[in-house]
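Structure first, commentary second.
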Amino acid sequence: MTSKDKDPAEKPAKAEKAPRPDKGAGGEKAPKGDRPPKGDKAKKGAPEGGEAKAAKPEKPAEPAPPPRLYEFYKKTVRAQLKASRGYPNVNAVPKITKVFTKKGGVLPLPTQMLLTMQKVINEYWWLILGASIASFVAYKMLTSTEKGALWRDTTKLRLPIFGDLFRKQSVARFATTFATLLKSGIQATEALKILCTIVDNKLLAKVLDDVRERIIEGADIATPLKKSRVFPPIVGDMIAIGEESGQLEELLDRIAETYDEEIEVTTAKVTAMIEPLIIVVMAVVVGFIVLAIVMPLVQGFKF
């Protein structure tokens, strides 16, 4: 039997077509609401990896700060700023004294002094400011003259704490510049003439000018320096040794190095003396103000 003679009933049955999703079982169109999405809509709606992802819960919005808390914070900060403007509060003294004087009490002496100072500053501040400006201008005009500058520099060297430091700085500058000029081949008289314009102290400049005149007259450098009593005696002695040995430049360099080291030591000493001095002054001022405020309160409790 050939393949043509086979029974047609034995032919494999064709697979039935699945119904379209947009049609019903009988071939009728399904309603729009029941149709599946098409194209990109289907891709967007389909879960990735075949699994539906759980939606992340949104964070609840933080509640705004209550207005009462903000007002309280603002008032507190303002109060702290006002309180930090001055310590102790001197303006509280008149309020305390009014209560104290109503009871017939006599104010303590520190309180009376503090009230007087406060009254003078509040009522005559313009006069104090004008007097300060006038004094500054008068000082500048006075020191701009030759005699005024000489008086200023002489006073600087006689100060109890800073005078020694200013003197050593001037001597170190003199020795360094004098040695440099002599090494350059400049004569001693010309070098001293230049030094008179470089030294920042009018008293030392006057002494150097006198030394220059004595050298022109035939004297040495060391003798006029010793007689001036402005330069330390050791400086005159070392310059005398340098003149006799012919090594004046080297000895001037040694003088400059020595005084540079002494300047550092003196500066450290002055700084160490100033720090406790400032603390003591501040303690006295603050203690006086506190005493002026507390004493009326202490006496008020006795009534």
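Of all residues in the stretch 129-157, those satisfying the criterion of being surrounded by 11 or more Cβ atoms within 10 Å (Cβ to Cβ) and farther than 27 Å from VAL199 by Cβ are GLY130, ALA131. Inside the stretch 229-238, residues that are under 16 Å from LYS168 (Cβ atoms) and assigned to a helix (DSSP H, G or I) make up a count of 5. Out of LEU225, LEU192, one residue alone is on the phi < 0 side of the Ramachandran plot, surrounded by 20 or more Cβ atoms within 10 Å (Cβ to Cβ) and either touching a Phe, Trp or Tyr at 6+ places or on another chain (Cβ under 6 Å) or not in a helix (DSSP H, G or I) (or both). It is LEU225. Figure legend. Inter-residue proximity from the stretch 255-274: first residues closer than 15 Å to ARG167 by Cα, second residues not in a helix (DSSP H, G or I), beta-carbon distance below 8 Å, spacing 6+ or different chains. Indicated pairs: VAL270/ILE161; VAL270/PHE162. The set of residues in the stretch 121-158 being hydroxyl-bearing (Ser, Thr, Tyr), closer than 21 Å to SER170 by Cβ and in a helix (DSSP H, G or I) consists of THR143, THR154, THR155. Candidates in the stretch 164-189 are the residues that are among the small types (Gly, Ala, Ser) and touching a helix residue (DSSP H, G or I) at 6+ places or on another chain (Cβ under 7 Å); of these, the one that is surrounded by the most Cβ atoms within 10 Å (Cβ to Cβ) is ALA175. Note on the stretch 229-268: residues that are under 16 Å from PHE178 (Cβ atoms), polar (S, T, N, Q) and either buried (at least 16 other Cβ atoms within 10 Å of the Cβ) or modelled with pLDDT of 90 or more (or both) amount to 1. Residue pairs whose Cβ atoms lie under 6 Å apart, separated by 6 or more positions or on different chains, with the first residue in the stretch 190-208 and farther than 15 Å from PRO224 by Cβ and the second hydroxyl-bearing (Ser, Thr, Tyr) and part of a helix (DSSP H, G or I), are ILE198/THR177; ASN201/SER170. For ALA219, state whether it is touching a helix residue (DSSP H, G or I) at 6+ places or on another chain (Cβ under 9 Å) and buried (at least 18 other Cβ atoms within 10 Å of the Cβ). The answer is no for ALA219. Of GLU249, GLU257, all but one fail to be in a helix (DSSP H, G or I), more than 30 Å from VAL106 (Cα to Cα) and more than 34 Å from the chain's Cα centre (by Cα); the exception is GLU249. Is one or more of the residues making up the stretch 204-221 within 40 Å of the chain's Cα centre (by Cα) and either within 13 Å of ALA175 (Cβ to Cβ) or aliphatic (A, V, I, L, M) (or both)? Yes, there is a match, as at least one residue in the stretch 204-221 is within 40 Å of the chain's Cα centre (by Cα) and either within 13 Å of ALA175 (Cβ to Cβ) or aliphatic (A, V, I, L, M) (or both). Sub-8 Å Cβ pairs linking a first residue in the stretch 291-303 that is within 15 Å of VAL106 (Cβ to Cβ) to a second residue that is exposed (fewer than 14 other Cβ atoms within 10 Å of the Cβ) and modelled with pLDDT under 75, at least 6 apart or interchain, are GLY300/VAL99; GLY300/LYS103; PHE303/LYS103, ordered by first then second residue.
The values are calculated or read from the model by the stated rules, or taken from the named source; none is laboratory data. It should be emphasised that the depicted structure is a prediction, and the values quoted were computed from it without experimental measurement. When we count neighbours, we look across all protein chains shown, and the Cβ atoms used for this are built from the backbone with ideal geometry, even at glycine.
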